[in-house]
Amino acid sequence: MKAVLIDRYGDAHELKYRDVPAPEVNADEVLIKVFATSINPVDWKIRQGMMNSLPWAFPMILGWDVSGVVEKVGSAVAHFRPGDEVYAFPTLSPKGTYAEYVSVKAGEVAYKPQKLDHQQAASLPLAGLTARQALFDHGGLQAGQKILINGAAGGVGTLAIQLARNKGAYIIGTASQRNVDFLKELGADEVIDYTKENVEEQLRDIDLVLDCIGGKNQKQLVKVLKPGGMLVSIVGLNSAVDFSAKQIRTAFFMTKPSSGQLQLITALADIGKLIPVIARTLELEDIQKAHRISEAGHVRGKIVLNVASK
Ligand SMILES: NC(=O)c1ccc[n+]([C@@H]2O[C@H](COP(=O)([O-])OP(=O)(O)OC[C@H]3O[C@@H](n4cnc5c(N)ncnc54)[C@H](OP(=O)(O)O)[C@@H]3O)[C@@H](O)[C@H]2O)c1
């Protein structure tokens, strides 16, 4: 099969499109013929060697979003059949989804939303599960609460806005000027242009902050929270920030694959309550270009890659 691999850490040139053997399918796995995958920042972070403590050997196939069709099921899989249209965020491993076929544990696979094509579906699993787990599993978001989504125009932020909207929260996002109207249409009540305004001068008494950006900015994010408020970060907690003064609760987590949660995302997509935001669709062979665009840090929503056509 064709796949994109890296033989060493480095810049986007290290991504090589070439032939490799198709994966085997273990008893608890489903072999998926990949129709589309999508880019997440973790892809280029791993490619750069930023996560080189992972015990993986080269060559590695990157990519951890897939939408496609079940080709084969393992002997212990009762739930899926060949021909089923499915999608998944598989556990991070060096046998990723930049490939024509991928084997994924059945417990990480869900039926693809029927309303969406494979390109749209491939944009949802990793970012959608991240948004869901951040808002509800870690953030405990309730109807009527005020949430600030820092970095609202990205892959995670655009889905977090919609999930928070469905819950009945009051949503404030940060983004640059070109995304302000777009995010309001998506469901944000207010959008702060971070290139011109400081959130700490604009906001007070926020219940929950979802930080998709991190860094020095977390000092300002603490100031906008109400005492006892919650900061959920998907990029890490800044050790220089004092969270204790206002009894701020904090969480940093790594997203967990989940067939059950993904099925809830399917249900929302099928009733039009979760709409994928796709900035660009490229071909798998265009992977180097796709990584460079994502690394520049200003993709609105997601970049999707076509792997095979129906
Ligand atoms: N812990 C986990 O398991 C987990 C899971 C998923 C993602 N993540 C991490 O979370 C981060 C966000 O992921 P993502 O997929 O949403 O990234 P992304 O799609 O690449 O985010 C791009 C967006 O960030 C916005 N942005 C850039 N600088 C900003 C700033 N200073 N303030 C506000 N917005 C800014 C851009 O909006 P403008 O163009 O308007 O600037 C752009 O739309 C990444 O670092 C990723 O690795 C972690």
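Laboratory data are not the source of any read-out in this text; all were calculated from the coordinates shown. A quick note: this is a predicted structure, and the numbers were derived from the prediction, not measured. Every residue, glycine as well, gets a Cβ built from its backbone with ideal geometry; the counts of neighbours run over all protein chains shown.
Distant-in-sequence amide contacts of ILE192, defined by a placed amide H-H separation under 5 Å and a gap of 5 or more residues or a different chain, comprise GLY173, THR174, ALA175.
The three principal axes of the Cα atoms in segment 127-252 give end-to-end lengths of 36, 32, 24 Å, sorted in falling order. In order along segment 190-195, the phi-based Karplus estimate (6.51 cos²θ - 1.76 cosθ + 1.60, θ = phi - 60°) of 3J(HN,Hα) comes to 9, 10, 9, 6, 5, 7 Hz; Gly and Pro are listed as x. Which percent, nearest 5, of DSSP beta bridges in the chain are antiparallel? If we restrict to bridges inside the chain, about 50 percent are antiparallel. In segment 182-310, taking the dipole from charged Cβ atoms about the Cα centre, the farthest positive-side position among VAL241, GLN220, ALA296 is held by VAL241. The protection proxy used here, the mean number of other Cβ atoms lying within 10 Å of each residue, ranks peptides 155-168, 258-271 as follows, highest first: 155-168, 258-271. Starting from the Cα of LYS45, move 7 Å in the Cα-to-Cβ direction to define the label point; list residues of segment 282-298 whose amide nitrogen is under 16 Å from there. Residues passing the 16 Å test: 294-298. Peptides 129-136, 297-304 ranked from most to least packed give 129-136, 297-304, packing being the mean of other C-beta atoms within 10 angstrom over each peptide's residues. Residue-wise HN-Hα couplings along segment 230-239, as the Karplus relation 6.51 cos²θ - 1.76 cosθ + 1.60 with θ = phi - 60° gives them from phi, are 10, 10, 10, 10, 9, 10, x, 9, 6, 5 Hz; Gly and Pro carry x.
The GluC sites (Glu not before Pro) of segment 203-310 include none that meets both conditions, a loop assignment by DSSP and at most 10 other Cβ atoms within 10 Å of the site Cβ.
Shown for the chain is the translational diffusion coefficient from the Stokes-Einstein equation, using the Kirkwood radius over Cα pairs, a temperature of 10 °C and a viscosity of 1.306 mPa s: 80 µm²/s.
For segment 196-310, the orientation-averaged shadow of the C-alpha convex hull comes to 10.4 nm² (one quarter of the hull surface). Helical content alone sets the calculated 222 nm signal of the chain at -6500 deg cm²/dmol, taking -39,500 (n - 2.57) per DSSP H segment of four or more residues and averaging over every residue. Subtracting the Cα-Cα distance of ALA296 and LYS167 from 0.36 nm times their residue separation leaves 43.3 nm of extension gain.
Fully extending the segment from PHE58 to HIS13, taken as 0.36 nm per residue of separation minus the present Cα-Cα distance, adds 14.6 nm. With contacts taken as Cα pairs under 8 Å and at least 6 residues apart, segment 127-252 reaches a relative contact order of 22 percent. Kirkwood hydrodynamic radius of segment 1-102 from all distinct Cα pairs, in Å? Its Kirkwood hydrodynamic radius stands at 14.1 Å. Ranked by the mean number of other Cβ atoms within 10 Å per residue, highest first, peptides 9-16, 77-84 order as 9-16, 77-84.
Extension gain for ALA267-ASP28 works out to 83.6 nm (0.36 nm per residue, less the C-alpha to C-alpha distance). Label-to-label distance, GLU285 versus ALA240, with points set 7 angstrom from Cα along the beta-carbon direction: 4.6 nm.
Once each part is reduced to its C-alpha centroid, what is the distance from segment 43-100 to segment 167-183 in angstrom? Result: 32 Å between the Cα centres.
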